[in-house]
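> I have a structure I would like to understand better, so I am pasting it below and will then ask my questions one at a time.
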Amino acid sequence: MAAKLFSPLRLRGLELKNRIVVSPMCEYSSQDGFANDWHLVHLGSRAVGGAGLIIFEATAVSPEGRITPDDLGIWKDEHIEMLKRITSFIESQGSVAGVQLAHAGRKASTSSPWKGGVKVPEDQGGWQTVAPSALPFSDAYPMPVALDEAGIQKVLDDFRAATKRCLQAGFKVIEIHAAHGYLLHEFFSPLSNQRTDQYGGSFENRIRLLLEVVAAVREIWPTDHPLFVRISATDWTEGGWSIEDSVALANVLKTKDVDLIDASTGGNVPNARIPVGPGYQVEFAARIRQETGIPTGAVGIITDAQQAETILENNQADLIIMAREFLRDPYFPLHAAQELGADVPWPVQYERAKRHK
């Protein structure tokens, strides 16, 4: 039987050549939001390595939406040229270029991990952060201001403008980042949203901003281009966002022209107890898929070909979205194909190495 990991997947007008996805991974290697040669080589090598879909890292829709001053951005037209160069190369290798549109909310204005990961004061290049409510992520993070009506409208306008630039830059998939304690996830969770207006309180109110962002993106994004949403399926904390909430949200998103749920977890509470281990988040993708029928992507310490193949064979997900393993091995798909006995084309420049003998 042919390996399911190397079977194509059609989403709207797009066909992915296999089920292997490079997960968005922050590189913290930009200046003023610009992509550069690091991104070209980092992402381009994964296309050479055979991934079906390569999703660019969390790409800020506004300067204040960055996690750090070193984040990738798409808030001005000048960003497009280099992004287009990278997407063109990815496409030339038979892969698809996607992008994760992001706003960091209250977890913004911090330094990159290897610079300490601490809050950056405004007088040192930081900025005022925003959130659903004036509640910091932790004492080590900046104090956000609660978004008012004009602030919410700006978020929507920023996502809409970013989507236009995504088209010009050659992206074929957009993933809206609504996970990991960033702005849209902050609205979902009662642990971070204490609003009393139409964006707080009830489940319907707390998901309202995401639905408005989805609608704003879909105003621009072509009907034959897939739209993903990444969520944290649970806060891993009592009283927070839950898998039951995630199933309910997925049922709504399915009716709003969203094509796939990228099911991660956590990130909204600093001291959540998370049982990290191989495939520890797969069950959430499986449950959302089973209970709603919407396609899902599985993430979370998926590190070998047989593990990925088993997830697909068990109908727990439709895509395998990998991060750290791709940092260790940019050519994971080519090696996985050999392991699973799938005959996939290699770049012609590398054909001489396809066989070990």
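The values are calculated or read from the model by the stated rules, or taken from the named source; none is laboratory data. All of these numbers come straight from a predicted model, not from anything done at the bench. For neighbour counting, all protein chains shown are included, and Cβ atoms are generated from backbone atoms with ideal geometry for every residue, glycine included.
> Filter segment 92-127 for residues that are touching a helix residue (DSSP H, G or I) at 6+ places or on another chain (Cβ under 7 Å) and within 25 Å of Tyr199 (Cβ to Cβ); which is surrounded by the most Cβ atoms within 10 Å (Cβ to Cβ)?
Filtering first and then ranking leaves Ala102.
> Continuing with the same structure: Output the residue which, of all residues in segment 61-91 that are of a type in the set (D, E, K, R) and under 17 Å from the mean Cα position of the chain (by Cα), is surrounded by the most Cβ atoms within 10 Å (Cβ to Cβ).
By that ranking, first place goes to Arg66.
> Further, regarding this structure: Inspect all residues belonging to segment 31-43 and state whether any of them is buried (at least 19 other Cβ atoms within 10 Å of the Cβ) and under 30 Å from Glu313 (Cβ atoms).
Yes, segment 31-43 contains at least one residue that is buried (at least 19 other Cβ atoms within 10 Å of the Cβ) and under 30 Å from Glu313 (Cβ atoms).
> Which of the following residues is at pLDDT 95 or above, more than 29 Å from Gly116 (Cα to Cα) and touching a helix residue (DSSP H, G or I) at 6+ places or on another chain (Cβ under 6 Å): Lys164, Lys172?
Checking each option against the conditions leaves just Lys164.
> Could we say that Gly267 is over 13 Å from Ala179 (Cβ atoms), outside any helix (DSSP H, G or I) and out of contact with any Lys or Arg (no Cβ under 7 Å at 6 or more places or on another chain) here?
So Gly267 does not fit the description; no.
> Does Ala3 fit the bill of being touching a Leu at 6+ places or on another chain (Cβ under 7 Å) and either surrounded by fewer than 24 Cβ atoms within 10 Å (Cβ to Cβ) or modelled with pLDDT under 95 (or both)?
Considered against the rule, which asks whether it is touching a Leu at 6+ places or on another chain (Cβ under 7 Å) and either surrounded by fewer than 24 Cβ atoms within 10 Å (Cβ to Cβ) or modelled with pLDDT under 95 (or both), Ala3 comes out as yes.
> State whether the residues of segment 192-215 include one that is under 30 Å from Gly94 (Cβ atoms) and touching an Asp or Glu at 6+ places or on another chain (Cβ under 9 Å).
yes
> Identify all residues within segment 232-245 that are in a loop (DSSP other than H, G, I, E, B) and of a type outside the set (A, V, I, L, M); write none if there are none.
Thr234, Asp235, Trp236, Thr237, Glu238, Gly239, Gly240, Trp241, Ser242
> From the residues in segment 317-333 that are under 19 Å from the mean Cα position of the chain (by Cα) and not hydrophobic (A, V, I, L, M, F, W, C), which one is farthest from Thr296 (Cα to Cα)?
It comes out as Pro330.
> Quick one: Ile274 ticks every box in (1) without any contact (Cβ under 8 Å) to a residue 40 or more places away in the chain; (2) surrounded by fewer than 20 Cβ atoms within 10 Å (Cβ to Cβ); (3) more than 22 Å from Ser23 (Cα to Cα) except a single one, so which number is it?
(3)
> Would you mind telling me which numbered condition in (1) basic (Lys, Arg); (2) over 20 Å from the mean Cα position of the chain (by Cα); (3) within 23 Å of Met25 (Cα to Cα) Lys172 fails?
(2)
> How do the pairs read when you match residues in segment 146-173 that are closer than 18 Å to Thr129 by Cα with residues anywhere that are assigned to a helix (DSSP H, G or I) and of a type in the set (A, V, I, L, M), using Cβ under 7 Å and keeping only pairs 6 or more apart or on different chains?
What qualifies is Ile152/Leu209; Leu156/Val213; Leu156/Ala216; Phe159/Val213; Phe159/Ala216; Phe159/Val217.
> If you go through segment 209-250 one residue at a time, how many are surrounded by fewer than 22 Cβ atoms within 10 Å (Cβ to Cβ), under 20 Å from Gln100 (Cα atoms) and among the charged types (D, E, K, R)?
The total comes to 4.
> Among the residues of segment 145-177, how many are within 17 Å of Ala215 (Cα to Cα), outside any strand (DSSP E or B) and acidic (Asp, Glu)?
The total comes to 2.
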